[in-house]
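A short write-up of the structure that comes next.
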Amino acid sequence: MAKETVFFASGERLEFWASGPGAVTISQDDQILWQASALESHPAYYSYHHREAGTVIVEWDRPESFLWAYSYDPAKVAEEGIRLWEFSADKISLRVGKDIDTWLESDPDRPQIHFSPCRHWMNDPVGLCKVGELWHLFYQFHPIGSDWGPMHWGHATSHDLINWLHMPVFLHPEQNLWRLGATGGAFSGNAFRDRDGTLMFFYTERLPAYDLFKGYREVQKIARPDRRIIKAESIVTVLEERPKGVEHDFRDPKVWWDEVNGAYRMVLGASIHGDPAVLLYGSDNLVDWSYLGPLFRAPPSFRLEGARAVECPDFFTVGGKWVLIMGFVGHRDPESGRHNLLYGLVGDFFDDRFVPHSDTLQLLDFGTDFYAMQSFSASGRQIALAWLFNWEFRKPDGSPYSGEMSVPRELYLDELNRICMRPASEFDGKVDRIAVQPIEPLLFPLPDAPIEVRLDGPLEGTSISATQQGRPSFTICVKDGTISVSLPQDDGSIRYEGTLPQASDLRVIYDRGIVEIFADHGVICGTRRSYLDSQPDRLAIRSGSCVSVCRLAST
Ligand code: FRU
């Protein structure tokens, strides 16, 4: 058995996911404090609560049994975050705070100013909220591998929406799904404050599921946090029955207090007789919910083009209007070949009916790697994050993690009531910009750091090409009123394009494979994630507009 002495604070908790064979013992003064003499053969969650400050001996026999491990002192975790444990054959490497950041930064493939989990799989942002001065990001997390699996809620906090502290896992599936060989677990949902200001989280539990596409059961729950917002302390199921015509997809609640109705309202993503739909529910007490009817049902063309359901519906007010944003899972746009796009509608909401100003859905992002967006109102703005992924391409095998979040964005409407996005003011305020000097007119040497390119003036005819040792890294073109972005992994079968007539502003953020494009005052946005040649060293721009290139560094 390998041995290591570790100091535990009083009350410190060790949490880990492991699978056998193997054993772990924690002892002090020759007394066993905790032991798993035979780890379960399926991955399982284990925890140990240390009572009195002191040094213990941790013994283990197989480092590969440990899939994810950390400890934390509940009294200090809000300031310090978790202490990461990495087991090897003869030692445990412990990292906390800045050491975790330095360790993550040493991964040459990891984006630097976009949030990513320390290890393993992450998808949707969930439960976003600001409590006091602290921003909370929860996320769909699979704690034992870099692929999607039984869902937990990971957690991180930030004072500025840019620099994040990694926190303990907040929410677990209701049973051990690995043992069943099933998927499911604690799916997406939102943070909500009732009229007394009590914070809670609404979310979906997918009960043990054996098929990824059908036949599963999804129920809605409330999780209340402990006072430090570290763990879900009490969980209640509040909605189990689906309305008629709604099959297995019945998830991703977003709940709000509706001033006009003087009652609570909830939207859920679903399908009605096969058409992607958003369902509206009402409640007076947050526990008993009644179905008020469909808020939106997609035209049949979506079903015919593969859409199975709406995921992660977002419904909120901005600029005096109601905005509905939806992801149509499974949908492939026949013209461009892009799939799982996000669409939005702007309109009015009265008598529990949503009346869009137009039936034409606005495409929210032409790039496709901007999915499961969740927005929330804070500091007088509608802030949003999204998951930068589309199932089309994925990180090369062997990567310690998968999934990044977009930069925080702010949503607003323009004078034509179109949904627009721009990086949130926190991003502008907390990220330094250092001008990159060209080596020839419009040819820039690139540092291995995030960059921002800005173009002001006529965009028609523009091209922005980044290369890594001469190989293309990303290319953005504006031609015939269309903006397009291409990456090395593209084979031309899918067209990533947006319409951009007469725009005169373009902003591009690039961070180790992540391209975020904001054009025409944020009406046209395009986001993509590349996994090849993602450290470009040259940027060549052709444009009649005024160009600036800056290197970005978080402060
Ligand atoms: C969207 C989604 C949600 C679901 C979650 C599961 O990416 O499929 O509909 O709640 O991810 O991880």
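Details
- Filter result for the condition that a residue is more than 28 Å from the chain's Cα centre (by Cα) and in the same structural domain as F250 (by TED's automatic domain parsing), over P300, P356, P334, P294: P300
- Residue that is surrounded by the most Cβ atoms within 10 Å (Cβ to Cβ), among those in the range 284-301 that are over 17 Å from V255 (Cα atoms) and more than 16 Å from the ligand (Cβ to nearest atom): R297
- Taking the range 247-283 as the range and being of a type in the set (A, V, I, L, M, F, W, C) and within 16 Å of the ligand (Cβ to nearest atom) as the test, the residues that pass are F250, V255, M266, V267, L268, A270, A277, V278, L279.
- Listed by first and then second residue, the pairs linking a residue in the range 236-255 that is over 15 Å from L295 (Cβ atoms) to a residue that is modelled with pLDDT under 95 and more than 15 Å from the ligand (Cβ to nearest atom), with Cβ atoms under 8 Å apart and 6 or more places separating them unless they lie on different chains, are H248/G215.
Matching residues to (1) over 21 Å from S406 (Cβ atoms); (2) surrounded by fewer than 20 Cβ atoms within 10 Å (Cβ to Cβ):
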| residue | (1), (2) |
| --- | --- |
| Q489 | no, yes |
| T499 | yes, yes |
| Q502 | yes, yes |
| L506 | no, no |
| E516 | no, no |
| R528 | no, no |
| L532 | no, yes |
| Q535 | no, yes |
| S548 | yes, yes |
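- Only one of the listed residues (V355, V346) is more than 16 Å from the ligand (Cβ to nearest atom) and either in a loop (DSSP other than H, G, I, E, B) or in contact with a Lys or Arg (Cβ under 6 Å, 6 or more places away or on another chain) (or both). That residue is V346.
- Taking the range 303-329 as the range and being outside any strand (DSSP E or B) and more than 16 Å from the ligand (Cβ to nearest atom) as the test, the residues that pass are R303, L304, E305, G319, G320.
- The residues of the range 473-498 that are among the polar types (S, T, N, Q) and either out of contact with any Leu (no Cβ under 9 Å at 6 or more places or on another chain) or in the same structural domain as E335 (by TED's automatic domain parsing) (or both), listed by number, are S484, S486, S493.
- The listed residue being surrounded by 22 or more Cβ atoms within 10 Å (Cβ to Cβ) and away from the ligand (no atom under 15 Å from the Cβ), out of M167, M151: M167
- Residue within the range 473-488 that is within 27 Å of the chain's Cα centre (by Cα) and part of a loop (DSSP other than H, G, I, E, B) present: yes
- As a summary of the residue check, E426 satisfies the conditions (1) buried (at least 17 other Cβ atoms within 10 Å of the Cβ); (2) on the phi > 0 side of the Ramachandran plot; (3) modelled with pLDDT under 95 except for the one numbered (2).
- Reported count of residues in the range 139-148, each being buried (at least 20 other Cβ atoms within 10 Å of the Cβ) and at pLDDT 95 or above, is 6.
- For the residues S543, S548, S493, S473, the requirement of being in contact with a Phe, Trp or Tyr (Cβ under 9 Å, 6 or more places away or on another chain) and farther than 16 Å from M421 by Cβ singles out S473.
- Only residues that are touching a His at 6+ places or on another chain (Cβ under 9 Å) and of a type in the set (D, E) were counted in the range 315-339, giving 1.
- Hey, S336 farther than 20 Å from F296 by Cβ, away from the ligand (no atom under 13 Å from the Cβ) and either touching a Pro at 6+ places or on another chain (Cβ under 8 Å) or among the hydroxyl-bearing types (S, T, Y) (or both) or not: yes
- Scanning the range 88-138 for residues that are within 16 Å of the ligand (Cβ to nearest atom) and more than 17 Å from A386 (Cα to Cα) gives a single hit, H120.
- Residue count for the range 45-77 satisfying the condition of being crowded, with 21+ Cβ neighbours inside 10 Å and part of a loop (DSSP other than H, G, I, E, B): 1.
- One residue alone among G197, G181, G245 is modelled with pLDDT under 95, surrounded by fewer than 20 Cβ atoms within 10 Å (Cβ to Cβ) and at positive phi, and that residue is G197.
- Any hit, the range 214-227, residues being more than 17 Å from the chain's Cα centre (by Cα), free of Cβ contacts under 8 Å to residues at least 24 places away in the same chain, within 15 Å of the ligand (Cβ to nearest atom) and surrounded by fewer than 16 Cβ atoms within 10 Å (Cβ to Cβ): no
- Residue match in the range 21-39 (condition: under 32 Å from the mean Cα position of the chain (by Cα) and of a type in the set (G, A, S)): no
- Selection within the range 294-340 - aromatic (F, W, Y) and farther than 16 Å from E392 by Cβ: F296, F302, F315, F316, W322
The values are calculated or read from the model by the stated rules, or taken from the named source; none is laboratory data. Just so it is clear, the model here is predicted, and its values are computed rather than measured. Every residue, glycine among them, receives a Cβ derived from its backbone with ideal geometry; neighbour counts consider all protein chains shown.
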